[in-house]
Structures are given as C-alpha cells and as structure tokens.
Amino acid sequence: MAGVFKWDDHGSLPSNTMAEESVLGTVLLGGKETFEKAKSWIRDDNAFYTTDNKKIWQTIELLYKDKEHIDVVTVTNKAKDIFGSNKISAYFITGLTSELPSKSKVEDYSRIVWEKYIQRETAKSAQVLYGATTTSLDNTKTILRKHKELVNELENLQPSAIKDTDQLITEAEIAVKEGGNIIKFNTPYLDRFAGGMTKKELTVLGGRPGHGKSVFSLNIIRNLMDQDLKIMLINREMTNEETFKRIFAMEGHKDNVSYTDIRNGKFEMSKEMNFNKIVEKVREKYTSDKFLVIDHIRTLEDTLIEIGRHKPDVVIDDYIQLIKVSSFNKNKDRRFEIEEILNQYKWACKEHNCHAILVSQLNREIERRLDPRPKMSDYSESGVIEQTAETALFVYYPYNHSPEENNKYESEIITAKTRYGEIGRFVIGFDGNRCRFFPTPQEAQLNVTIDTRKDSKS
C-alpha cells in the first residue's frame with residue numbers, strides 16, 4: 001500500500017547469523033558455565049533471528065533449567081523430543097561446534113546477537129511510529145501509545161549499567177592493591193598538599209596571566225613522564241610549536257640554554273651543540289605513545305571525541321574559558337556553559353578512567369586587592385568549580401606585583417580545595433627563563449648561578 005513504511009522496502013532486518021551460530025557452538029562446547037555467560041547478554045530467545053538457532057537456544061535453556069548436562073548429544077536428543085526428529089538435524093547441531101574461536105569469546109558473540117535484536121525491535125518501533133503519519137488523527141493516539149510501549153520494552157532490553165555488588169567490591173580491592181587509583185604528581189609538595197591525582201576526578205589550576213600556570217602544567221607533565229603514563233595536552237591559546245620551545249628550555253636547564261636563547265634562535269657554537277643534545281633528549285622522552293599535544297580543537301564535543309579516541313591517563317586542558325559548547329546559545333549565561341564543560345569532563349574522566357587538570361583564568365578584580373593572592377571566589381565561575389572539582393590549585397608569582405619586595409625566584413602554590421590533602425600555601429622555586437619550578441627558591445637561584453658561571457667561562 002502506497003505511503004506505508006515497510007522495513008523490507010529499505011533492506012532486510014538487522015541480524016548476524018554467524019554470531020548466533022558462534023554463541024550456540026561455544027555453549028555446546030563449554031556447557032553450563034559458558035551458557036551462563038551468554039545468558040548474561042541474551043535474555044530473550046527472540047534475540048535469535050533464524051528459527052533453527054532459536055529452537056536450539058530454547059532447547060539449551062530447558063536443559064539448563066532441568067540441571068542436565070549441555071553438549072551436542074544432549075541438545076540433539078532434547079531437540080528431537082521437543083520439536084520432532086525432522087525439524088532440526090543432528091548434522092546441523094554438530095556443525096555448530098566446528099572451526100570455532102575460543103570459548104572465552106562467547107560474551108562478545110552474545111553482545112553482537114543482542115545488539116542486532118535491539119536494532120530489529122527499534123525498527124519495529126519506527127515502523128509503528130511512521131504509521132502515525134499515514135493514518136487518521138483518530139488512530140494517532142493509539143499508534144503513539146503502541147510506540148511508547150515498544151520504547152519501554154526496548155529500555156528494558158538494554159543491559160543494565162548497575163554492577164553486581166561483589167564485582168564492585170572486587171574492583172575496589174584491586175584499586176587499593178594497585179595503589180588506590182592514585183597518580184603521583186612526582187612532586188613532593190604537590191603529592192603532600194594536594195594528595196596526588198585520583199583517576200576519574202578533576203583538578204582545576206588557576207592563575208592570572210604571567211604567573212606561570214601554563215609553565216607549571218608543563219612541569220607537571222615532565223614529572224609524569226617517568227611513570228609510564230599517557231599524557232594529553234590540549235592547547236587552546238598556545239601553539240604546539242611554542243609548547244615544545246618551552247619544553248626545550250625546561251629540559252635544557254642544566255645545559256646552559258635558556259628560553260630567551262631558544263626564542264631568539266641564535267646560539268653560540270657551544271650553546272648550539274647543547275641545544276642539539278636537548279632536542280634529541282626531548283625527542284627520545286616525549287614520544288607520541290606517551291605524550292599527545294593538540295592545538296587545533298576548540299569545542300567541547302571535539303575534545304570529548306579525542307579523549308575517547310586516545311584514552312590518556314591524564315588530560316591537561318589549557319584553558320577552559322576558551323572551550324566552546326556548540327549546542328549552547330550565545331545569549332545564555334556563560335556560567336551554565338562552564339558548568340556543562342566541567343560536568344562533561346567529569347563524566348569523560350569516569351568513562352575513560354583518567355584524571356583531568358583544567359587550567360583556568362581568574363577574574364581581573366584580583367589585581368585591585370591589597371592582597372592579590374588568589375582564592376576560590378576569584379574563579380569566574382567559582383561556585384561551579386568548587387562543586388565539581390576535587391582539587392583546586394593556584395599558581396601565584398609575587399614578584400609580578402612587587403618586584404622590589406620579592407625574590408624573582410620565588411613562587412607560591414596555593415591549595416584552595418582538596419579532598420585528600422591539606423589546604424594551605426607553600427613557597428617553591430621558579431626560574432621563568434628556564435621554564436622550571438624547583439622545590440625551593442634557593443635551588444632555582446643556585447641553578448641560575450651555575451649557568452651564569454658557565455656563560456662567563458665560554
């Protein structure tokens with residue numbers, strides 16, 4: 001009839017006969033234990049598309065229910081009793097066990113069978129819904145009611161996301177024995193005060209421009225590289241080229257090559273040789289299997305795709321105020337957009353078992369205060385950040401505000417919020433021209449003094 005949607009007009013219903021036969025074959029070989037694994041996915045015999053496969057599954061279910069042994073012989077005999085000797089051949093049943101992969105794959109095969117079943121049921125629902133557009137208004141309510149019933153059925157067919165309690169306990173036990181799911185900063189003061197980084201959680205790192213938050217992020221990356229981790233750095237303001245210039249300076253602090261030298265690109269012969277050594281060191285250390293750096297994505301949607309594709313252990317996003325949410329109305333309050341960014345990042349961390357460090361700018365009003373040290377309220381969206389992030393850190397460089405009163409090699413890290421560490425402020429060393437942070441200001445200054453002596457000798 002014209003105007004009536006039929007699935008067959010658009011192709012055959014979704015199915016995978018090979019997957020169905022693989023499920024049956026592995027169950028015939030593996031018996032009760034393998035059937036239980038398959039049953040965890042296939043909870044309706046209608047999941048089998050072909051009549052013969054469905055009958056064999058029904059036979060296996062009966063044997064399991066009656067606590068009888070499951071193999072080729074018992075299934076063949078039982079099938080004859082139920083369906084008759086001419087309905088399913090012994091040859092067909094025996095053939096299911098030939099040339100099969102490992103029994104351990106039964107859950108993979110079962111998932112495919114179940115997914116095809118869901119697709120078929122979805123097609124039925126779509127067909128019913130389409131009927132609402134080709135009938136009288138009097139029948140529309142009835143059709144829509146049927147569609148809702150099918151949708152409810154589909155929801156019930158989906159595998160539950162709720163894990164068995166025993167499984168959860170096992171996962172927690174493994175996490176504890178493997179180190180509590182904690183990633184160390186490999187920086188004593190951060191691991192003590194911030195409590196390290198826990199997978200599936202967020203850290204927000206804030207600071208005003210020029211206070212070293214991007215350089216601090218690179219120092220974190222440097223310390224993480226020794227832990228056999230996969231790190232992803234997303235640059236939204238800085239280019240990848242600039243990132244590696246700073247890495248050169250950071251890794252070359254002992255080779256008498258500064259960031260100024262690298263930016264200028266002109267070296268004396270001794271420094272050029274040192275720079276070549278630094279490049280090779282960076283090339284060897286920052287390999288693509290351990291370090292991914294991206295500067296071409298702007299939207300939240302693309303960001304989540306890249307995280308899902310590469311599955312890093314730690315993501316550092318510099319910085320979140322430059323992330324755009326494609327679906328957001330430009331007229332909406334920016335706070336809601338930041339909330340969406342943080343929430344989606346939180347879910348991505350949970351889904352992919354990683355930790356995210358989100359770099360954030362601070363309000364300009366901080367510059368007008370008598371004490372310009374940052375605090376939680378200086379985040380543009382402080383309420384959202386305080387609610388969502390497990391850890392909130394600030395980088396503060398006092399020399400920027402009062403160079404006459406402060407040591408240029410002194411910086412501060414402030415822990416404003418932490419679930420696992422201590423709230424407080426601690427002083428560390430900073431050498432901006434080497435793009436390096438040190439445990440103490442004395443070490444930072446000593447490092448520069450040594451390099452100066454090298455310069456005078458050359």
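The values are calculated or read from the model by the stated rules, or taken from the named source; none is laboratory data. Just so you know, these numbers come straight off a predicted model, no measurement behind them. Please note: Cβ atoms are built from the backbone with ideal geometry, for glycine as well, and neighbour counts cover all protein chains shown.
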Restrict the check to segment 192-199 and report whether at least one residue is part of a strand (DSSP E or B) and modelled with pLDDT of 80 or more.
yes
For segment 280-307, how many residues meet the condition of being surrounded by 15 or more Cβ atoms within 10 Å (Cβ to Cβ) and β-branched (Val, Ile, Thr)?
6
Would you mind stating whether LYS346 is surrounded by 17 or more Cβ atoms within 10 Å (Cβ to Cβ), basic (Lys, Arg) and under 21 Å from the mean Cα position of the chain (by Cα)?
yes
Looking at this structure, is GLU405 touching a Lys or Arg at 6+ places or on another chain (Cβ under 9 Å), acidic (Asp, Glu) and at pLDDT below 90?
no
Segment 256-274, residues that are modelled with pLDDT under 80 and either touching a Pro at 6+ places or on another chain (Cβ under 9 Å) or assigned to a helix (DSSP H, G or I) (or both)
MET269, SER270
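Each row is one residue, and each column tells you yes or no for (1) surrounded by 15 or more Cβ atoms within 10 Å (Cβ to Cβ); (2) among the charged types (D, E, K, R); (3) at pLDDT 90 or above; (4) under 25 Å from GLU121 (Cβ atoms).
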| residue | (1), (2), (3), (4) |
| --- | --- |
| ASN53 | yes, no, yes, yes |
| LEU63 | yes, no, yes, no |
| VAL75 | yes, no, yes, no |
| ILE82 | no, no, no, no |
| SER85 | no, no, no, no |
| SER89 | no, no, no, no |
So which residues in segment 354-374 are modelled with pLDDT of 90 or more and among the basic types (Lys, Arg), if there are any at all?
ARG373
Subset of segment 306-323, residues out of contact with any strand residue (DSSP E or B) (no Cβ under 9 Å at 6 or more places or on another chain) and among the hydrophobic types (A, V, I, L, M, F, W, C), comes to LEU322
Give the number of residues within segment 40-65 that are in contact (Cβ under 8 Å) with a residue 12 or more places away in the chain and part of a helix (DSSP H, G or I).
15
Restricting attention to segment 371-419, which residues are assigned to a helix (DSSP H, G or I) and buried (at least 21 other Cβ atoms within 10 Å of the Cβ)?
ASP378, ILE385
